[in-house]
Amino acid sequence: MRCRPAPPALLPLLLSLFVWLMPASGAEAQSRLGVIGDILPPAGTEGTWTYRNDGDVFAMANAEIPDDIRYFYANLTDNAGAAFGPWRITADVTILSSEGELGSGGLVYGLNPETGQYYLALLDGRGGLSVLRRTGSGFDRLVDVELPVWFSGPNRLEVSAAGMEYTLHVNGDNILGHDIGTIPEGTAAPQSGGFGVAGVGLVEVSFTNVFLVN
């Protein structure tokens, strides 16, 4: 596995965030979009983003603004409002088209709805995986690697949380773990916060088989 050096500074990202909220539970929904299926928008257009949604596959596309971000998430709490314990989120992610590293899609997790801070695990159209952390001062790029196995079709992206560490798998391969150590102010602890799907930049990305296991 070869690592690409992270850029010295990330371009400021224009945040156009349309988020939908619902409590998540350990039970999986009947559709292949899992517990976020009910909160994803129907087919249509909002701003620069176009959506397709047939109940089992959700796709989102942005062909206009290179640094735009859109995500949809559910809260990692049970029906009584208590935080989850250890969990694992999986999704089949297909990058249908992207402008190189300017377009990517994947999972948002560890999201604090009060501060808007979160993590992104993103796949791009060139076989790369990036992990970004949104803080009060901008984005930190924690990880930027080339994947050992990459498919033109769906790639299984998995994020799990236990203790103070997140672990990422792609197509069954353990890619990395990142211990967040001291939690940055305003960032949710690993076993709490929201999770969902995200598109970043000039990309068309689809999601299916989105499941949360607690």
Can you compute the modelled spin-label distance between residue 54 and residue 39, with each label point 7 Å from Cα toward Cβ, in nm? 2.5
Highest-first arrangement of 57-64, 88-95, 117-124, where packing means the average Cβ count within 10 Å: 117-124, 88-95, 57-64
Please give the contour-minus-distance gain from residue 209 to residue 126: 0.36 nm per residue of separation, less the Cα-Cα distance, rounded to one decimal in nm. 27.7 nm
Fewest-first ranking of 206, 152, using other Cβ atoms within 10 Å as the exposure measure: 152, 206
Separation in nanometres of the label points that stand 7 Å from Cα toward Cβ, at residue 46 and residue 97: 2.2
Using 7 Å Cα-to-Cβ label points, what is the residue 67/residue 146 separation (nm, one decimal)? 2.7
Residues 207, 151, 72 arranged by fewest to most Cβ contacts within 10 Å: 151, 72, 207
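Quick note: the coordinates plus some simple rules give every number you see, no bench work behind them. Worth saying up front: this structure is predicted, and the values here are computed from it rather than measured. Ideal geometry is used to build each Cβ from the backbone, glycine not excepted, and the neighbour counts take in all protein chains shown.
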